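For reference, the structure is listed below as structure tokens.
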Amino acid sequence: MKPDAVPASPEQLLRAAGLRVTKPRLAVLGALATHPHAGADTVLGVVRRDLGAVSTQGVYDVLHVLAERGVARRFQPAGSVARYELRSGDNHHHVVCRHCGTVEDVDCATGEAPCLDASDPQGFVIDEAEVTYWGTCPDCQNSNETRTNQQGVSNA
Ligand SMILES: [Zn+2]
Ligand SMILES: [Zn+2]
Ligand SMILES: [Zn+2]
């Protein structure tokens, strides 16, 4: 979150996007606020815990309309389910762990998005640069070291 970002209430986010404020929409926004980069299944679980019976399709529909109106951002790393987050419109990037699928935000650059200036946009008007960094998260680095050491012992 950028330091100058003004936190908007969920109701404000919906109204600003021209959407009616409904309980399922508020519940989905709440789920995304506490579970950034959640997949639809995770969102569904959190919403059901908060609201009780909610149809799977209902939650999918809310996620769809939130993404369509720019309230949420949908992205899908290769090999992963689609994930959703509230931090939209800043063209930030993601770093994904190859081993456990952990996703973290990576800022493009403070206040601007230099990667949107393609060196040769081929006449396109560029509005998004989807950059995914792949690597090994700190937790998996630790467990890899353990595994490598163990293998080293058994191979010796
Ligand atoms: Zn990992
Ligand atoms: Zn993100
Ligand atoms: Zn960038």
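Just a few scattered comments:
- Here's how it looks for His94: its modeled amide H is under 5 Å from those of Val106, Val131, Tyr133, which are all 5 or more places away or on a different chain.
- Ellipsoid semi-axes in whole angstrom, largest first, where each is sqrt(5λ) of the Cα gyration tensor of the chain: 32, 24, 14
- Point-to-point label distance, Gln57-Arg98, nm (Cα→Cβ direction, 7 Å offset): 4.1
- Loop-exposed GluC sites (Glu not before Pro) per DSSP, neighbour cap 16 Cβ within 10 angstrom, longest uninterrupted part of the chain: 1-127
- D (Stokes-Einstein, µm²/s), Kirkwood Cα radius, the stretch 23-95, 1.567 mPa s at 4 °C: 107
- On full extension, the segment bounded by Ser80 and Ser119 gains 11.1 nm, given 0.36 nm per residue less the C-alpha separation.
- Only alpha carbons enter this Debye calculation for the stretch 61-112, each as an equal point scatterer, and the log10 of I(q)/I(0) it gives at q = 0.14, 0.22 Å⁻¹ is -0.40, -0.88.
- The convex hull defined by the C-alpha atoms of the stretch 97-148 has an orientation-averaged projected area of 5.3 nm².
- Computed helical MRE - 222 nm, the chain, DSSP H runs ≥ 4 contributing -39500 (n - 2.57), nearest 500: -12500 deg cm²/dmol
We did not get these values from a lab; they are worked out from the coordinates using the rules stated. Values in this document were obtained by computation on a predicted structure and should not be read as measured data. For neighbour counting, all protein chains shown are included, and Cβ atoms are generated from backbone atoms with ideal geometry for every residue, glycine included.
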